[in-house]
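Input: a single structure, listed below in structure tokens.
The values are calculated or read from the model by the stated rules, or taken from the named source; none is laboratory data. Model, not experiment: these values are computed from the prediction. Here the Cβ positions follow ideal geometry from the backbone for every residue, glycine too, while neighbour counts run over all protein chains shown. Each accessible area value is taken on the protein alone, full model and side chains, heavy atoms only, with ligands, DNA and RNA left out. Shrake-Rupley method; radii C 1.70, N 1.55, O 1.52, S 1.80 Å.
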Amino acid sequence: MKKKILTGDRPTGKLHLGHYIGSLQNRIRLQHEYDQYIMIADVQALTDNFDNPHKITQNIIEVAKDYLSVGIDPTQTTILIQSQIPEIAELTIYYLNLVTLGRLERNPTVKCEIQQKGYNDAIPVGFFCYPISQAADITIFQAEFVPVGNDQVPMIEQTNEIVRRFNRIYNKDVLKECKAILSNTPRLVGIDGKSKASKSLSNAIFLSDSSQEIKQKVFQMYTDPNHIRVSDPGCVEGNVVFAYLDAFHCNKEEVKSLKEDYRRGGLGDMVIKNILNDSLQLLLEPIRVARDRIDNNQVRELLLEGTQKARELAKETIEMVRTAIGIKYF
Ligand code: ATP
Ligand code: MG
């Protein structure tokens, strides 16, 4: 039997280059070897968008189209919608008992997001607890591998702590521990130089951006603020254009030599931006073309089938969990 993968995305917007390089490429590669489940995490997205549900519901189809356009194959990968699998919510309830407030407060990703969202002392409980619900997402599908960006590593640690605690208290063999699969670019910076390209920070190049939008965003990118004249020596570290060239330019030798020239002085920002623009156009054009050909009704059909299949597995797991806890009365 193939081992299982679970991963997913919040339908808070269309997918961007951070998703592509941090997780989607691994999913495309691994879907043939593993039994892969991809979750469109609408319940998690509601934790910080509960007052704007329309944004979440309308992006479900967009995220699914992004999957198909990059090469996620629905005959190999099961795509599902989180809210339609109530067993996940039930499992979350059992897990809430196994985690302390103090432990949740130490999660560095959640801490950073609380700050970014300006919650201060008014943190919605649902949002604060989303790492617990994410542990239910992973374990309900008995996943052993999770291809994610490195902002998700604390969630995997939290999941494994819950798994160990559950197995120790109720039954040692019920739940499986999981491992993160990280890519060579586990965190892509935003075009504004912020530490992570993210849908919520509006600092990303989207997989569906037009050729013009890509170019505009590349030319907006932060470089080295001290590199004023072309002849000035420039800094490569922390330079967004070079971070993207490292991630997306297919000729690593050429990037190495560009870096040397830039450091020495004599290579202008316009030149490196043009080179980056060319490689991104090359990467994203076929994705955009594939996306335009996708039929929305077919996507809805796929989502229904995937969710139904995934729910069968979720039901199996929840039966094992109820039996382990001893709450199977009938
Ligand atoms: P939001 O701002 O709503 O949180 P997001 O852009 O962070 O959206 P998510 O749906 O939260 O995207 O993340 C989905 C997956 O993509 C996760 O595995 C995450 O680690 C990965 N990912 C997101 N952004 C990046 C990035 N900039 N670099 C690498 N991986 C990323
Ligand atoms: Mg995120």
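Structure shown: which of 172/196; 4/111; 55/309; 2/252; 176/328; 179/259 lie over 32 Å apart, alpha-carbon to alpha-carbon? Each step should come with its number before you reach the end.
On the way: 172/196 38 Å; 4/111 30 Å; 55/309 26 Å; 2/252 34 Å; 176/328 21 Å; 179/259 34 Å.
Listed pairs above 32 Å: 172/196; 2/252; 179/259.
Expressed in nm to one decimal, what extension gain is obtained for the pair residue 222 and residue 105 from 0.36 nm per residue of sequence separation less their Cα-Cα distance? Spell out each step's value before the answer.
Working: separation 117, 0.36 × 117 = 42.12 nm, distance 3.28 nm.
The span from residue 222 to residue 105 would gain 38.8 nm if fully extended.
Per 5 Å bin, what percent of the C-alpha pairs of segment 211-291 does each bin hold, from zero upward?
3, 16, 27, 24, 16, 8, 4, 2, 0
Amide H of residue 6: which non-local residues (sequence gap of 5 or more, or other chain) have their own amide H closer than 5 Å, using H built in the peptide plane?
37, 144, 145
Measure of size requested: the Rg and Dmax of segment 194-256, with Cα atoms as the atom set and Å as the unit; please supply both.
Rg then Dmax for segment 194-256, in Å: 13.1, 37.
Can you give the local net charge around residue 233? Use residues other than it whose beta-carbon is closer than 14 angstrom to its beta-carbon, Lys and Arg +1, Asp and Glu -1. Before the final figure, lay out each step's value.
Values: positive: 229, 259, 263, 264; negative: 224, 232, 237, 260, 261, 269.
Its environment carries a net charge of -2.
DSSP loop trypsin sites (Lys or Arg not before Pro) in segment 191-229 with at most 16 other Cβ atoms within 10 Å of their Cβ, which ones?
When the trypsin sites (Lys or Arg not before Pro) of segment 191-229 are filtered for loop state and at most 16 Cβ neighbours within 10 Å, 194, 229 remain.
Can you compute 3J(HN,Hα) from phi for each residue in segment 197-202, using the Karplus curve 6.51 cos²θ - 1.76 cosθ + 1.60 with θ = phi - 60°, rounded to whole Hz and x for Gly and Pro?
Going residue by residue, I get 5, 8, 4, 5, 9, 6 Hz, with x marking Gly and Pro.
Return the carbon/sulfur percentage of the accessible area of segment 211-291, one whole number, probe 1.4 Å, all protein chains in place. Don't skip to the answer; put the middle values down first.
On the way: 2320 of 4350 Å².
Taking all protein chains in place, segment 211-291 shows 53 percent carbon and sulfur surface.
How do the peptides 174-182, 312-320 rank, highest first, by the average count of neighbouring beta carbon atoms within 10 Å per residue?
Working: 174-182: 18.6, 312-320: 15.9.
My ranking of the peptides, most packed first, is 174-182, 312-320.
Run the helix sum for the chain: -39,500 (n - 2.57) per DSSP H stretch of 4+ residues, divided by residue count, reported at 222 nm to the nearest 500 deg cm²/dmol. Don't skip to the answer; put the middle values down first.
On the way: 14 runs with 172 residues, N = 330.
Computed ellipticity for the chain at 222 nm equals -16500 deg cm²/dmol.
Return a whole-number percent for the relative contact order of the chain, with Cα pairs under 8 Å and 6 or more residues apart as the contact set. List each step's numbers first, then the result.
Details: 500 pairs, mean separation 74.7, N = 330.
With pairs under 8 Å counted, the relative contact order is 23 percent.
To the nearest 20 Debye, how big is the dipole of the chain about its Cα centre, given +1 on the beta carbon of each Lys and Arg and -1 on that of each Asp and Glu? Don't skip to the answer; put the middle values down first.
Details: 41 positive and 42 negative charges, 107 e Å.
Around 520 debye, computed over the chain.
For residue 3, which aspartates and glutamates qualify as cross-link partners when the Cα separation must be under 13 Å and same-chain residues fewer than eight apart are set aside?
Excluding near neighbours in sequence, the set is 33, 35, 144, 177.
Mind ordering 249-256, 283-290 by average Cβ neighbours within 10 Å, highest first? Working shown, then result.
Details: 249-256: 12.6, 283-290: 15.5.
Highest to lowest by the protection proxy: 283-290, 249-256.
I'm checking a number: the convex hull volume of the Cα atoms of segment 1-137, normalised per residue, in Å³. What is it?
Details: hull volume 17.4 nm³, N = 137.
Roughly 127 Å³ of hull volume per residue.
Between residue 168 and residue 295, what is the FRET efficiency for a Förster distance of 45 Å, r being their Cβ-Cβ separation, to the nearest 0.05?
Working: r = 49 Å, r/R0 = 1.09.
It comes to 0.40.
Taking the C-alpha atoms of the chain, how large are the radius of gyration and the largest Cα-Cα span, Dmax, in Å?
21.4, 79
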